[in-house]
Structures are given as structure tokens and as C-alpha cells.
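Heads up: the structure comes next, in C-alpha cells.
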Amino acid sequence: TPLESKPLSNEDIMRYSRQLLLPELGVRGQKNLSQSSVLVVGCGGLGCPLAQYLAAAGIGRLGLLDYDEVELSNLHRQVLHREESQGQAKALSAATAVNRLNSTVECIPYNLQLSSENALQLIQQYDIVADCSDNVPTRYLVNDACVISRKPLVSASALRMEGQLTVYNYRGGPCYRCLYPVPPPAETVTNCSDGGVLGVVPGIMGCLQALEVIKIASGQGSSCGQQLVMFDALDTRFRSIRLRPRQPECAVCGEKPSVTQLVDYEALCGSAATDKCRRLNL
Amino acid sequence: TPLESKPLSNEDIMRYSRQLLLPELGVRGQKNLSQSSVLVVGCGGLGCPLAQYLAAAGIGRLGLLDYDEVELSNLHRQVLHREESQGQAKALSAATAVNRLNSTVECIPYNLQLSSENALQLIQQYDIVADCSDNVPTRYLVNDACVISRKPLVSASALRMEGQLTVYNYRGGPCYRCLYPVPPPAETVTNCSDGGVLGVVPGIMGCLQALEVIKIASGQGSSCGQQLVMFDALDTRFRSIRLRPRQPECAVCGEKPSVTQLVDYEALCGSAATDKCRRLNL
Amino acid sequence: LAAAALWDVLGILLGGAELLFDGVKEHHVTLPSQSEPWNMKQLLVWIGQNLLKERPELFVQGDDVRPGILVLINDADWELMGQLDYELQDKDNVVFISTLHGG
Amino acid sequence: LAAAALWDVLGILLGGAELLFDGVKEHHVTLPSQSEPWNMKQLLVWIGQNLLKERPELFVQGDDVRPGILVLINDADWELMGQLDYELQDKDNVVFISTLHGG
Ligand SMILES: [Zn+2]
Ligand SMILES: [Zn+2]
């Protein structure tokens, strides 16, 4: 069901007073936020701070998707969960935490793995998708589903001491496949389980991701549609990269797309849709 | 009491496994973290994400200082608190939340205002100080106390859609007074109550502040000792600025300091040490 | 070299400093030609006379910027560049930052 | 202009790409003088022969970079600059990024 337009309550005005003051947001932007829905794919190192700040800002509806359970080794970066949530589904644990911070946000936990079977049906219910996943097949799957469903995709990633952020499929900008038409060889892909990650690096990237979602949802617009923000935590340096525009020959968003429905992404990428074991034996 | 050196437990190894993998941190860096203590001055928009990620990373001891109580208008950016914490002391609410995430971190809440009377005695008990305060007099007070106590000061600030980050008094770099020898006229100072702030902006800055604290505490070292990182959330752009070195004529860290003990900072700045009312009638 | 192009300066105002300049953040400025190179002291006077829309005392104080404003030349603290005496080069990038104190 | 200075290129490797180059992130490179300007295609060959310490197939594939590496010339996607045919200028800054997938 679509989110209805209603005036800000007195409690809303009190809660959001410090951001209602901003000319860039104001009452109009706040109302836009409250009528927007965001699907968060992955409630891990990126998804936790993202969901936290989206809920705090007053997003209307938040879909929280993760198939995994909370483990002790998650807690150094997945800050919405707690020690006592170990063993619980991450989607549920995140939804509980988010609701304690802002009970006026509608939270929908999905304790499942995004797949070619369920992705379109899920994504079409949301205005914006945030890719907080941790593996290559899911990144291609989310991209294709967003292109087919015409949704902007706010995508962040983090590994070791580095992070990357881009908004795909937004205002004529490129999609993930425009940049990466061919998946990387599986043996060149490192995930957080293998390569490690400093917890606050996905923290920084997840917050930046939340910022772009808020700017899109509030109507202000994102400046990352054809821009890649790179972060190097070792020397605390950021780089902003101008990206190519949408590519006419792109397999999914181009002029004559060859991909018009979702495919088998584990086969496409030669790896499993999890960061737990890296290679798939085909 | 100083934090003792002890080997990592099996639980520690599991909890921090993803960051133990990093050559920049490793077992040695993790042990350094666990023997470090950090005083967080202010448990608001910056202090919340900072405390969250420092605790998650396994800092040994965390002093959480704030004189204020949780209000509804805090929750759009002060994400450690919850709706049901309204009316509770922020220092206590933050300590409770942090302990749920990592019970092995020693949390010391200080429900009080930092002042010329208590600052030195408090700060000398910690290795690193993080300035997460919200007003000019407290920023001068924290700086002078850190110079006198010879502690590195990791300082962040945020307003509207902008943020700034620097490490003061670190490895021969400048202190706050080297950059700003004279406080700004009170009528030019805008605080978050007056000017507003988008909640995720202090989120981003507090996470960056946590990163610098972690790099200093783990022994890796910060690159922000003579560098100012500026963030503009409107276009998601960062700038890194080369700053002046320590100034020989600085009133507090210079060669012949005129400030050798703490003074009356509200009088110095002509404003109250709170972000709630701006001007002080002298 | 054309004299006009020689004094092209890009000024950027951040941390609320832009509020003094009609809310405009970036100012591409072509300074009038003069026999001596422009220095920062002269630039501040020129800005006060040509760009400042209101309350110049919130930006300049005497012949310096007011306390709490940091001046950057090409992403370096102007203290490293000679401050008021720095001689402007073509295409220099000058940034005025108002320090933030909020949390 | 000295021919040596003409082909000074700064290469930076990020996102783990530096692991292929002995862990070194920044490489200041002075390319040998040649009659034609160097282009990106030639630079890739030169890197493969002079800088790559191990497993070149993880960096180049045929005469292109391998899938999952993004090439930037002066902070712009090389797709905007002519890709393999781009003719290098003195002091160009070339960055190779390995895409990250972790969360
Ligand atoms: Zn495309
Ligand atoms: Zn000083």
C-alpha cells in the first residue's frame, strides 16, 4: 500500500525540528521523506548505519532484507545488533533496533535471500533501493532488478580500509553494468570474511549512502548519479570521480537490452551469493 | 587505574576477527586499542556514532561526558539514544547502549558539564580526547586542557549540511588556538539549535572522528594532525586542507605561553557553554 | 598573457560564510588589471566593496578577516602562503571557511 | 621540453589493486622517450612488463584491463577520455581501481 500524505504532527515537528530548519529540507522535504520507502538489501556493516540514519531522519517505510543471523564476528561493524541478538535473524534484529529509535517508521523485515525469483516483486514495492550486500552476484541481481523496475540504486561497498559509493540508474546516469559489463574473475574478488574490514569504514560509507538516499527521497536530488566517491581510510582521503554516462550498448539499460528479465547470477559471476565461501564449483 | 596488558581471549579473537585480518591493525593494533582510553566530550550528534564505533572496535575504556538529558528533538541525529530514553541523562543512556553492543568495553558515564574546575582532572585520566561538543567556550576549554595535559585532541563539528574534522596537538601539529587565536564574535556563531543540522552529517563526521581515534589508539597514527577535512553534504564533496604547523607565538602551546592554567571560557568567548541559548550578557 | 585572465580568481565560501554573500557559494571573479600583482590584502578590500551584500563587519575586521574565518589558498592554510602579503596567481582558488562549532 | 619530463605519469592503485604491485600504492613513472605520444594501450603493456610483480592475468586481459578494474585519468572515467586510445600528457594522473563488493 502506498504511503499516504498527511500533515506533520506536533510530535513530528518537535522530533525533526533541527532539520526542518534547513532550507534544503524544510517541511516539504520532510513530508517527502515520510512518504518514501526504501529497500535495504543487507543488514550488515553498511545496512546498519544506513537503516539507523534513515529511520532517525523520518523515512516513511523501511524494508530490511537479510538472510543471515547475527554472529559475534559481526558486532565490530554491524552496530544495530547487540550481544544478546546473537543467533537472531539480522533483519529482525535491525527492525527492532530501528523501531526503538523511531517508532513512527514502518519497518518490514525480510528474513530471506534476494533471488531472481523474488527480487522484482520486492523491489517494485519501494521507491529507492540501497545495495548494502557483500557479494558480486547480488550486486548484479540488484542492479538488473532496479533497471527493470526503474528504481534508483544507491550503492556502497567497503573492504579493508577502503570504500566506494555511487548512485546507479538515476536521472540518465549509468547502471552497474554500464561500468562493469563483465563480472570480475571469481579469483580476483575479495570479501570481508577473507580480506577483513575496519568496522568504521562501512560505518562511514553507510552514512554517506544514507545521505544520498535522504537527498533523493526528500526531493533535493543526489549528485552521485554519474559520480563515484572513493574513500581511503589509511590517509582519510576522498576522491570524486566523474563517470561515463549511460552506455547505449549496455546489456540491461542500453538501447537494445539483451537482459530483459532476471537471470542466474551465481552462474553469471561464477561465485555464490554470500560472502562466506567464495568460489562456486560449477 | 591504567588498563592492563592481557592477551586476546578466544572470544576477542572471534569478535574482532574481521579487523585482526588487516595488516594495518593486526593483533598488536587490537591489543593497543584494548589498552587505550578515550574521553568523549558530548554524547550528541557526533558523540553517538563515535562512541558506537569505538566500542564496537574494542577500545579499552570510554569516558562518556554530557550534562544534558535526552529530548525528542535529539533523536534525528543522536542515534545511541531511544524514544524511551527521553528524560534520561545522555551520558547514562549512551553508556547503556554501548554496553549492549560490547560489554567488554569499560564505560564511565559523566553526567556533568566540563568546566575549568574539573577538565584537567578528568582529561589526565585518558589517552585521547574527542571533542564532540556543540559550543565555542567548550571547544577552547577542551583545547587548553588537552595542551596542558599533553593529550591528542580529535575534533569534529557539524552544522546544517557541512562538517569539519582535525586532530589538534598531535605530533608537533597545531592546537585549536594556533588556528583560532581569537574567539569569533558571538553574533557570528550559529549552533545546531539555531541553524539546524541534517542528522546524518554529524553521523558521517562522528564516524570519521572514530576512525582517527582508532588509528591513533592502535598505533597506526592519524594523518589529520596538520590537516583539516571539510565535508559539504550538498554535493557530497570532501576537501583536505594543509594547515599551518604549531605556532611559536600561540598563547597556550607556543614558546612562551600566556595561558598556563584554565581560564573562564564563557567570558573569553562572550557566550554560554551550551548550544541552547547563544549569547551571554556580561 | 591577457591582463584580465591573469587575475581570474575562484572564491568559495563555506561553513555559513556564503550567507554573507547572498547565499552564493562559488564566485568566479575577474579582478581589474593593475600594474602590481594583486595581493590578499587588496583582495579582501575588493571583496568588501564588490561582493559583500550585508554587514561587512561579519567578514572583515580592520584589514584582516574576522576571527573564526580560515582562509585557504589552493587548499592550503594561507598562513603557509604569506597571509595578507600573498601575491595572487592566475586561476588561484581562494576559500573562506567559517569554523563550525556544532555537534 | 625535455622528452623525459613529457611522459611523467603518476599511477595510483586502489581497492586492492596495489596488492599486485608489491603493496605499493603510488608509482611515479617516467616513461621512455618515443617519437609518438604514449597512449593508454602502450602504458598497459609497459606496466605489465615493468611494474607487475606477479600474476599479470589479474590485471590485464588481452590488451585491456581485466573486468572489475576501473581506469581513471585525472579523476575521470577513462571511458570519457578515449579509453585505450587516450594519448598521455605530461603529469597525467592515472588511477586503477579494483571494484569493492564487501559490506
Ligand atoms: Zn547500464
Ligand atoms: Zn597552539
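Numbers for the structure displayed
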| quantity | calculated |
| --- | --- |
| Any hit, segment B:134-141, residues being closer than 23 Å to B:C224 by Cβ, within 14 Å of chain C (Cβ to nearest Cβ) and part of a loop (DSSP other than H, G, I, E, B) | yes |
| Unique residue being over 27 Å from B:L211 (Cβ atoms), surrounded by 24 or more Cβ atoms within 10 Å (Cβ to Cβ) and not charged (D, E, K, R) when the list is A:C207, A:C178 | A:C178 |
| Subset of segment D:60-71 [surrounded by 14 or more Cβ atoms within 10 Å (Cβ to Cβ), more than 9 Å from every other protein chain (Cβ to nearest Cβ) and not acidic (D, E)] | D:V60, D:V65, D:V71 |
| Subset of segment B:8-67 [hydroxyl-bearing (S, T, Y) and under 30 Å from B:Q86 (Cβ atoms)] | B:S37, B:Y53, B:Y67 |
| Residues satisfying the stated conditions in segment B:250-277, i.e. more than 16 Å from ligand 2 (Cβ to nearest atom), of a type outside the set (D, E) and open to solvent by 80 Å² or more (accessible area, probe 1.4 Å) | B:K276 |
| Checklist (1) crowded, with 24+ Cβ neighbours inside 10 Å; (2) touching an Asp or Glu at 6+ places or on another chain (Cβ under 9 Å); (3) more than 9 Å from chain A (Cβ to nearest Cβ) applied to B:D66, failing item | (2) |
| Breaking point among (1) more than 18 Å from the chain's Cα centre (by Cα); (2) more than 16 Å from ligand 1 (Cβ to nearest atom), for A:F231 | (1) |
| Selected residue (criterion: most open to solvent (accessible area, probe 1.4 Å)) from residues of segment C:72-103 that are part of a loop (DSSP other than H, G, I, E, B) and small (G, A, S) | C:G82 |
| Segment B:172-187 - residue that is out of contact with any helix residue (DSSP H, G or I) (no Cβ under 8 Å at 6 or more places or on another chain) and more than 11 Å from B:G225 (Cα to Cα) and, of those, nearest to ligand 1 (Cβ to nearest atom) | B:L179 |
| Residue in segment B:154-171 that is without any contact (Cβ under 8 Å) to a residue 24 or more places away in the chain, away from ligand 1 (no atom under 16 Å from the Cβ) and surrounded by fewer than 24 Cβ atoms within 10 Å (Cβ to Cβ) present | no |
| All positions within segment A:13-47 that are assigned to a loop (DSSP other than H, G, I, E, B) and at the interface with another protein chain (Cβ under 10 Å from one of its Cβ atoms) | A:Y16, A:L21, A:L22, A:P23, A:E24, A:L25, A:G42, A:C43, A:G44, A:G45, A:L46 |
| Filter result (assigned to a helix (DSSP H, G or I) and either more than 10 Å from chain A (Cβ to nearest Cβ) or open to solvent by less than 30 Å² (accessible area, probe 1.4 Å) (or both)) within segment D:41-59 | D:K41, D:Q42, D:L43, D:L44, D:V45, D:W46, D:I47, D:G48, D:Q49, D:N50, D:P56, D:L58 |
| Hey, A:L165 farther than 17 Å from A:V142 by Cβ, away from ligand 2 (no atom under 16 Å from the Cβ) and at pLDDT 95 or above or not | no |
| Candidates B:A51, B:A56, filtered to the one that is facing chain A (nearest Cβ under 8 Å), open to solvent by less than 10 Å² (accessible area, probe 1.4 Å) and modelled with pLDDT of 95 or more | B:A56 |
| Selection count where residues are outside any strand (DSSP E or B), more than 7 Å from every other protein chain (Cβ to nearest Cβ) and aliphatic (A, V, I, L, M), scope segment A:146-172 | 2 |
| Qualifying residue in segment A:231-248 (condition: open to solvent by 60 Å² or more (accessible area, probe 1.4 Å), part of a loop (DSSP other than H, G, I, E, B), among the polar types (S, T, N, Q) and closer than 30 Å to A:V197 by Cβ) | no |
| Any hit, segment B:234-245, residues being more than 13 Å from chain C (Cβ to nearest Cβ) and under 30 Å from A:L54 (Cβ atoms) | yes |
| Qualifying residues in segment B:173-223 (those that are of a type in the set (A, V, I, L, M, F, W, C) and within 16 Å of ligand 2 (Cβ to nearest atom)) - the one farthest from the other protein chains (Cβ to nearest Cβ) | B:C175 |
| Unmet criterion (only one of (1) touching a Leu at 6+ places or on another chain (Cβ under 9 Å); (2) surrounded by fewer than 20 Cβ atoms within 10 Å (Cβ to Cβ); (3) more than 10 Å from chain B (Cβ to nearest Cβ)) for A:N10 | (1) |
| Test: residue in segment A:89-103 that is touching a strand residue (DSSP E or B) at 6+ places or on another chain (Cβ under 9 Å), open to solvent by 10 Å² or more (accessible area, probe 1.4 Å) and not in a helix (DSSP H, G or I) | yes |
| Flag for B:V213 being in contact with a Ser or Thr (Cβ under 9 Å, 6 or more places away or on another chain) and open to solvent by less than 10 Å² (accessible area, probe 1.4 Å) | yes |
| Of the criteria (1) out of contact with any Gly (no Cβ under 8 Å at 6 or more places or on another chain); (2) assigned to a loop (DSSP other than H, G, I, E, B), which one A:Q125 fails | (1) |
| Unmet criterion (only one of (1) buried (at least 20 other Cβ atoms within 10 Å of the Cβ); (2) more than 16 Å from ligand 1 (Cβ to nearest atom)) for A:G225 | (2) |
| Residue satisfying condition, being in contact with an Asp or Glu (Cβ under 7 Å, 6 or more places away or on another chain) and either away from ligand 2 (no atom under 14 Å from the Cβ) or closer than 24 Å to C:I73 by Cα (or both), within set B:R160, B:R239 | B:R239 |
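Condition check ((1) aromatic (F, W, Y); (2) under 30 Å from A:S17 (Cα atoms); (3) touching a Cys at 6+ places or on another chain (Cβ under 7 Å)) across all residues:
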{"residue": "B:S5", "(1), (2), (3)": "no, no, no"}
{"residue": "B:L22", "(1), (2), (3)": "no, no, no"}
{"residue": "B:S34", "(1), (2), (3)": "no, no, no"}
{"residue": "B:P49", "(1), (2), (3)": "no, yes, yes"}
{"residue": "B:G60", "(1), (2), (3)": "no, no, no"}
{"residue": "B:Q78", "(1), (2), (3)": "no, yes, yes"}
{"residue": "B:E83", "(1), (2), (3)": "no, yes, no"}
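The values are calculated or read from the model by the stated rules, or taken from the named source; none is laboratory data. Worth saying up front: this structure is predicted, and the values here are computed from it rather than measured. Every residue, glycine among them, receives a Cβ derived from its backbone with ideal geometry; neighbour counts consider all protein chains shown. To get the accessible areas, we keep the full protein, side chains included, count just its heavy atoms, and leave off ligands, DNA and RNA. Shrake-Rupley method; radii C 1.70, N 1.55, O 1.52, S 1.80 Å.
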